[in-house]
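Engineer: Below is the structure I would like to discuss, written out as structure tokens.
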Amino acid sequence: MSWIPLADAGRLRSQARRTLAVRVVLAALAVGCLVAAILVSREAGGTRRTFFSNNRSSVVVIDTSGSIGPLARSLIGRTLRKLLAAHNSFGLVFFSDTAYEAVPPGTRWTELEPLLRYFEPPPEQRPRRPQETPWSEFRGGTRISTGLALARTILRQGHASDAGVLLISDLNDSIFDAPVLTQTLTQYVTDKIPLRVIGLEPEPRNKVIFERLMGPSVLVQDAELAPARAAGSGSVVTSSVGPSRALTLAALALLLVLGAYEHWAARLRWREEPA
């Protein structure tokens, strides 16, 4: 290292302190962003939001086909209870091999609560037999495309661009419905309609078409529905990673700036000789 004699080196002390302060501030900001990103992601794990949070135009599509037995029916009831416990308002579509709109989007939870009695598990002491429901005459085979297509039509007619659809089904679809279901799911992707699916103990092979076309995050658990609600919040189906991702990117940007600063503004070292 070469040394250059400098008579007024003392004047560089203020610039050196300023340079050190810039380094410290950039490093502190980067570390702070990373810590905040971790905290936000942890908090989001318990307070995630969904399209049911602030939108009353969303639709829940429920499978009422012949393959839905007492256990699956009780699982549907459990999911609906969690949605209603969060005071959500939404529409309902029931389907088997055909679909119909049970209640329109925006129906208040108080009006939906009477439907819960049709999704109660039958007492063990009673003989197991099909429970009479308002849609019993519609019970038949399973064509999931009919329920999703009707829900999409409802959203389009209501011009609900930011609403979503929650499908509750065992996904035991008819093999003859596969081409139409593929087309319907493709339309959801094209229209950017959020879709989430709660599977009622579905077989792995029945999940493939949804995961292939909509991504692995399309399938959620009803345990991810938060019964507790804060003011203005709703139940949970999908998580939001936007804030944590933004903070992480900010931290990386600050680290890049710090690295560039260190590269282009290398330290100027000096020593003072005794007089």
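Engineer: Say R0 is 45 Å: what FRET efficiency, to the nearest 0.05, do residue 213 and residue 256 get from their beta-carbon distance?
Structural biologist: About 0.75, to the nearest 0.05.
Engineer: Show the residues, 5+ positions off or on another chain, whose built amide H is closer than 5 Å to the amide H of residue 97.
Structural biologist: Correct list: 140, 141, 143.
Engineer: Any idea how far apart residue 189 and residue 156 come out in nm if each label point goes 7 Å out from Cα toward Cβ?
Structural biologist: Simple spin-label model gives 1.8 nm for this pair.
Engineer: Next question. Near the amide H of residue 219, under 5 Å away, which other amide H atoms are found, from residues 5 or more places off or on another chain, if H is placed in the peptide plane?
Structural biologist: Long-range HN contacts for residue 219: 197.
Engineer: Now, a different point. From largest accessible area down, sort 188, 118, 100; use a 1.4 Å probe on the protein chains.
Structural biologist: Reading off the accessible areas and sorting them downward yields 100, 118, 188.
The values are calculated or read from the model by the stated rules, or taken from the named source; none is laboratory data. The structure displayed is predicted, hence computed values, not measured ones. No Cβ is skipped: glycine too gets one built from the backbone with ideal geometry, and neighbour counts run over all protein chains shown. To get the accessible areas, we keep the full protein, side chains included, count just its heavy atoms, and leave off ligands, DNA and RNA. Shrake-Rupley method; radii C 1.70, N 1.55, O 1.52, S 1.80 Å.
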